[in-house]
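Below is one structure; the comments refer to it alone.
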Amino acid sequence: MQADEPELKTLMTAAQSGDAAAYRTLLNHLSGRLRGYYKSKLVRYGRSSADAEDLVQDVILALHTRRHTYSTDELFTPWVHAIARYKLIDYLRRRNTGFADMPLDSMALEIEAHDDRNAVESGYDLQRLLAKLPEKMQQAIRQVKIEGLSVAEAAVRSDMSESAVKVSIHRGLKKLADMIADEVKS
Amino acid sequence: MKTEELISVLSTNVEPIDRRQLSREIIAAVVVGTVAAIGTALILPGMRADLSTEYALAYFCAKMIFAAAVIVVGTIYLLRLARPGAVPQSRVLAVTWPPVAVGAFAALSLISAPLWHWHTMAMGDGWLECLVSIPLIAVVPFVAVVLAVRRMAPTDLVRTGALAGFVAGGMSAAGYALHCTDDSLPFIALWYGGAVLLCALAGALLGPRLLRW
């Protein structure tokens, strides 16, 4: 078990209950870990930092859209690690890279993150991906998730019910995650 | 896009999750699949006519208990496999106890029967029909379970697929039991058990393709 498991589990539990600050802290921490993990793995296959960043974002989105699959009865770190490893294997398999030598059980997520968070960007353009979504979803995500309006405010502004706004956000993010997953795969 | 940008989008106004969503969706799929399997069995091969006799009813119940055990045990492990994280091999092997138990009962009933009965007990009238019908009736339940599990996050697609096939096989066996007039424990063990394992095998082969996310 990793040393910060209790701390991460507390953050995740709070995030699942809707604590945005805890969620942000958690995702920032995990993105650093994931970056270290993917860089160390991909460097063996001659891939660049931007490829690692693509995977980091793919996983962050997967963690988000599937965050309900974490049960607080279980440890949190193995949950994240299983997703990270799944995405890596899927990525390598799609590229037909030999990965027979990859130690499947290595807990390499423990590798310290390189602190170059600002230097690398993924190959995705958020605005371009958003523009591919249906109008309602775009609007809901822009207002609530980017401009930071509350769901109630966004509902009034776009003349939709609150639950319609929530559904639009949920579906939109799911679509966004699928688009990014598809791009990682291609 | 910078990862920080993405994190900022995701963590702004984050909605609380529904902790029971996962189990509710899988259980709903199992209920829908079971109803579909029973419906298919009643419409296509049709209901057996002799359920009023005590003998037939007893074996009907035995088949239903087997099917229910497969569904319940399979669903419990499916709920675990739909979540990312390690599941010990030994715990997943525990799903094999319904086929093993029915096999043990079958062996007991064979031992207590005369040798010249064995062939009829084991083969019945419709072993081939049973072995073909159960996997066919399992198609719709399998699709229902796969659609639900795809919305979760299975990370071991072969095992999850096998378990989805296993549970679908159990649902289908419950439907087929309404039709089947072969009443013996060795028949249930061999052909119901065999058909459910075939479904699990098909699920294991299809899992990596159907469950990928």
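Read-outs: derived from the displayed coordinates by stated rules, not from any lab. What you are looking at is a predicted structure, and each value in this text was computed from that prediction instead of being measured. Ideal geometry is used to build each Cβ from the backbone, glycine not excepted, and the neighbour counts take in all protein chains shown.
Applying 1/(1 + (r/R0)^6) with R0 = 30 Å to the Cβ-Cβ distance of B:ILE43 and B:ALA113 gives a FRET efficiency near 0.30. Counting Lys and Arg as +1 and Asp and Glu as -1 over every other residue whose Cβ lies under 10 Å from the Cβ of B:TRP213, the net charge comes to +3.
In degrees from 0 to 90, rounded to the nearest 10, what is the angle of the helix B:157-176 Cα long axis to the longest principal axis of chain B? It works out to around 40 degrees. Against the main long axis of the alpha-carbon atoms of chain B, helix B:21-43 sits at an angle near 30°.
Among B:TYR77, A:TYR45, the ranking by other beta carbons within 10 Å of each residue's beta carbon, starting with the fewest, stands as A:TYR45, B:TYR77. Dividing the mean sequence gap of close Cα pairs (under 8 Å, 6+ apart) by how many residues segment A:1-86 holds gives a relative contact order of 35 percent.
Per-residue mean of foreign Cβ neighbours for A:19-25 is 4 (Cβ atoms of other chains, 10 Å radius).
Taking the Cβ of B:GLU25 as the centre, find all other residues whose Cβ is under 12 Å away and add up their charges (Lys, Arg: +1; Asp, Glu: -1). So the surrounding residues net to +3. Could you state the angle between the C-alpha long axis of helix B:54-81 and the longest principal axis of the C-alpha atoms of chain B, as a value from 0 to 90 degrees rounded to the nearest 10? On a 0 to 90 degree scale, this one is about 20.
Take every pair of alpha-carbon atoms less than 8 Å apart whose residues are at least six positions apart; their mean separation over the length of chain B yields a relative contact order of 34 percent. Counting Lys and Arg as +1 and Asp and Glu as -1 over every other residue whose Cβ lies under 14 Å from the Cβ of B:LEU178, the net charge comes to -2. Overall, chain B carries a charge dipole of about 700 debye about its Cα centre when +1 sits on the Cβ of Lys and Arg and -1 on the Cβ of Asp and Glu, all other atoms neutral.
Taken residue by residue and averaged, Cβ atoms of other chains lying within 10 Å of the Cβ of A:133-145 number 1.
The smallest convex shape that holds all Cα atoms of the protein assembly as shown, its convex hull, gives 166 Å³ per residue. Bridgeable lysines around A:LYS166 (alpha carbons under 20 Å apart, same-chain partners fewer than 8 residues away excluded): A:LYS132, A:LYS136, A:LYS145, A:LYS174, A:LYS175.
In straight-distance terms, cross-link reach from B:LYS63 covers every one of the aspartates and glutamates whose alpha-carbon lies under 12 Å from its own, apart from those fewer than eight places away in the same chain; here that gives B:ASP182, B:ASP183.
The mean sequence separation of alpha-carbon pairs under 8 Å and at least six residues apart, normalised by the residue count of segment B:114-213, gives a relative contact order of 45 percent.
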